[in-house]
Amino acid sequence: MAGYELPEPTDRKRLADPSTPPAPADDERYTRDPAFQHGVVVGFDGSTTSERALAYAIGMAHRAGSGLIIVHVANRLPTTVWAGCEPPALVDIPDHRTEVIGLELACSDLLTDLPWVLLERGGDICHELEEVGQEYEADAIVVGTTQGLLGRLFGSVSGRLARRARRPVIVIP
């Protein structure tokens, strides 16, 4: 009969074709180490307030039994390069402080009993911290207060992050 299909029996199981590779996982979070799922994200730049924020985040991660995601947002200032009459191009200047911070943290006794990872990001600090928090489904983001004239003029990172974030933000003075 035209247009009529016989139904498949309910007890028949379909087998996957062994010649085709398995489909990749749709969600990236299952390829991450489970110790960092629902971890604590901390912004760290080596300043005194970020060291206090790191100490608080270490204690918080210990109490929660989770991992610590340390984020250093590198200072990548765009540099204008003129080439004749062409419009200016933007060039990233890498910040080598992340390597130094990583070595200092690796030699520190504070992080010996805790799984941790150091991530380098470039861009807006608030956006990058929130994005890392979203990627790792973090329980909280810990930051130190911004001190100095620039923080007063342009608004502090901690204040902007507290207004924008979709997860708890803990600001350490």
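The values are calculated or read from the model by the stated rules, or taken from the named source; none is laboratory data. Quick caveat: nothing in here was measured; it's all calculated off a predicted structure. Using ideal geometry, Cβ is built from the backbone for each residue, glycine included, and neighbour counts are taken over all protein chains shown. These accessible areas exclude ligands, DNA and RNA; they are computed on the full protein's heavy atoms, side chains included. Shrake-Rupley method; radii C 1.70, N 1.55, O 1.52, S 1.80 Å.
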Q) Residue check: is Pro9 part of a loop (DSSP other than H, G, I, E, B), open to solvent by less than 80 Å² (accessible area, probe 1.4 Å) and at pLDDT below 85? A) yes
(Q) What are the pairs with Cβ atoms under 6 angstrom where one residue, in the stretch 122-134, is on the phi > 0 side of the Ramachandran plot and the other, located anywhere, is open to solvent by 50 Å² or more (accessible area, probe 1.4 Å) and of a type outside the set (Val, Ile, Thr)? Sequence gap at least six, or different chains. (A) none
**Q.** In the stretch 113-122, the residues that are open to solvent by 50 Å² or more (accessible area, probe 1.4 Å) and closer than 19 Å to Gly46 by Cβ
**A.** Trp116, Glu120
Q | Hits in the stretch 45-76 (condition: assigned to a helix (DSSP H, G or I), surrounded by 21 or more Cβ atoms within 10 Å (Cβ to Cβ) and not aliphatic (A, V, I, L, M)) | A | Ser50
